[in-house]
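Colleague: Just passing along the structure, written as structure tokens.
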2 protein chains.
Amino acid sequence: MSRRLEILRRATEIFERQGVSRTSIEDIANAVGVKREAIYYYFKSRNDILAEIILPSSTALLVGLRNILRSDRPSREKLRAAIEGHLSAFSPSYLEMTVALREVHFGAGDDKLNELKKVWTEYGELWTALIREGQANGSFKAGVNPKMASFGVLGMCNWLSRWYQPGKGMTIADITDTFFTMLADGLAQVPAPTPPSA
Amino acid sequence: MSRRLEILRRATEIFERQGVSRTSIEDIANAVGVKREAIYYYFKSRNDILAEIILPSSTALLVGLRNILRSDRPSREKLRAAIEGHLSAFSPSYLEMTVALREVHFGAGDDKLNELKKVWTEYGELWTALIREGQANGSFKAGVNPKMASFGVLGMCNWLSRWYQPGKGMTIADITDTFFTMLADGLAQVPAPTPPSA
């Protein structure tokens, strides 16, 4: 493992454990077993490290969602694929997702964090577009505000950063099924009993 | 306003603005315009202040949900009332909810924070019970894991702490309608066109 990669791995672990705001460059240096200066050789600041941890998985999510939207699948299947894509990021990249979703504060002058912000904004817009497209082609309920709905879906999925524990109990596949069933078909939509004559 | 209450108000504002972990007792004292000692006269620690800020709204949510569950309304209406109750907490208690949901780390020996943890645990269990009850009486889909579903609903609602801005754009009433429609009836459940003969 390169020194640069090792710094990113250790920083991710510490960020997840004690929070970004409580972590100093010193803490990261200690975990890697080097001096502060060695960290600054590779990274400008703590936010620089943070952005490099989060950007890859965020960009992968964005690219994945773009591809789903461009495909010619029915809207219902696109919704399922989008939920699956988002939740699946928690499995290999659990630490990165958790750090990203628990606490990222965008400040002025943080170039890399601003890049991240752009990725997230576009990602949210694509979700809204997915729902709007489904409404336009008659697959989704027309009366629902697509932006509010996308905040709802993303909230449901992002909240995994607060409760999901990889490898324990619920699997990502089960959670995907459950969330998709609730969101697409509704918890209170129960098939009517078959009439006796049928 | 009593001194004690003033400390709680100022602390809430600072916690929301700069995060709990970045806030010192000194910061709170400065905001109130007193010395550190004056803060310690009323509160043992920062976590003590944090718990007192969050406990009242969390307890109110718990009591509200208990009452909803005990009522004899149909499960569908209970679900709506529970979503409404949860989201409504963001309107008068926006700052408290945001601080509570963004970052509370439970440590050993924090009596008051542990009290909060108990409240949250019971609250989550009541949500699961609400869904399970609806499944038992045939109002909700049987195949859905009630605990996973309650994490989903709570995530959808709790995520408001990351995007909702009181007084701007979307209202709590609109968000309640949208989330309830999605969760109860499903985004992809579109009424079939009326047959011409009907």
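Colleague: Taking amide H positions as placed 1.01 Å from N in the peptide plane, with prolines and chain starts having none, which residues 5 or more places from A:Phe140, or on another chain, fall under 5 Å of its amide H?
Modeller: Residues meeting the amide H criterion: A:Gln135.
Colleague: If you don't mind, there's one more thing I want to ask. Distance in whole Å from the B-onto-A rotation axis to the closest C-beta of chain B, together with the residue it belongs to, please.
Modeller: Axis relating chain B to chain A; nearest Cβ residue and distance: B:Gly186, 2.
Colleague: A further question follows. Could I get the Rg over Rh figure for region B:14-88? Both from C-alpha atoms, Rh via Kirkwood, rounded to two places.
Modeller: Rg/Rh: 1.22.
Colleague: Among the aspartates and glutamates, which fall within straight-line cross-link reach of B:Lys44, defined as a Cα-Cα distance under 14 Å, with same-chain neighbours fewer than 8 residues apart omitted?
Modeller: Hits, sequence-local ones excluded: B:Glu26, B:Glu52, B:Asp110, B:Asp111.
Colleague: Right, here's the next one. What value, in deg cm²/dmol to 500, does the helix sum -39500 (n - 2.57) over DSSP H runs of n ≥ 4 give at 222 nm once divided by the residues of chain A? Write out the running numbers ahead of the final one.
Modeller: Details: 10 runs with 131 residues, N = 198.
Only helices count here, giving -21000 deg cm²/dmol.
Colleague: Quick test of the membrane-span-like rule: which DSSP H helices of chain A reach at least 15 Å along their long axis (C-alpha atoms) with mean Kyte hydropathy at least 0.0? Each step should come with its number before you reach the end.
Modeller: Working: long enough: A:3-18 (22 Å, -1.00); A:46-70 (36 Å, 0.67); A:75-88 (19 Å, -0.67); A:111-136 (37 Å, -0.71); A:146-158 (17 Å, 0.64).
Membrane-span-like by this rule: A:46-70, A:146-158.
Colleague: While we're here: Please report the orientation-averaged projected area of region B:126-198, defined via the convex hull of its C-alpha atoms, in nm². If you can, show how the numbers build up before the last one.
Modeller: On the way: hull surface 30.1 nm².
Result: 7.5 nm².
Colleague: Further question: How much length, in nm to one decimal, is gained on full extension between B:Glu133 and B:Lys168, taken as 0.36 nm per residue of separation minus their Cα-Cα distance? Let's see the in-between values first.
Modeller: Values: separation 35, 0.36 × 35 = 12.60 nm, distance 3.63 nm.
Gain in length upon complete extension: 9.0 nm.
Colleague: Placing +1 on the Cβ of each Lys and Arg and -1 on the Cβ of each Asp and Glu in region A:1-137, which of A:Asn114, A:Ile14, A:Gly134 has its Cα farthest towards the positive end of the resulting dipole?
Modeller: Result: A:Gly134, furthest along the dipole toward the positive end.
Colleague: Roughly how many nanometres apart are two label points built 7 Å out from the Cα toward the Cβ at B:Glu37 and B:Val190?
Modeller: 7.1
Colleague: Moving on to the next point. Determine how many Å³ per residue the convex hull of the Cα atoms of the protein assembly as shown encloses. Before the final figure, lay out the partial values.
Modeller: Numbers: hull volume 73.6 nm³, N = 396.
Taking the convex hull of the Cα positions in the protein assembly as shown, it is 186 Å³ per residue.
Colleague: Suppose a student asked you for the relative contact order of region B:1-109, using Cα pairs under 8 Å spaced at least 6 residues apart; what percent would you report?
Modeller: Numbers: 67 pairs, mean separation 33.5, N = 109.
Relative contact order for region B:1-109 comes out at 31 percent.
Colleague: OK, next. Taking the Cα-to-Cβ direction at B:Ser88 and at A:Ile25 and moving 7 Å from each Cα, how far apart do the two end points lie in nm?
Modeller: Spacing of the two 7 Å Cα→Cβ label points: 5.1 nm.
Colleague: To continue, here is another question. Using a simple charge model, +1 on the beta-carbon of Lys and Arg, -1 on the beta-carbon of Asp and Glu, nothing else, what dipole does the protein assembly as shown show about its Cα centre, in debye to the nearest 20? Working shown, then result.
Modeller: On the way: 50 positive and 44 negative charges, 36 e Å.
Its charge dipole is roughly 180 debye.
Colleague: While we're looking at this one, here's another question. Using the 7 Å Cα-to-Cβ label point, sort the distances from A:Ala60 to its equivalents in the other copies shortest first and give them in nm to one decimal.
Modeller: Label-point distances to the other copies, shortest first: 4.3 nm.
Coordinate-derived values only; no laboratory data. All values reported here derive from a predicted model rather than from experimental measurement. Note that each Cβ is placed from the backbone with ideal geometry, even for glycine, and that neighbours are counted across all protein chains shown.
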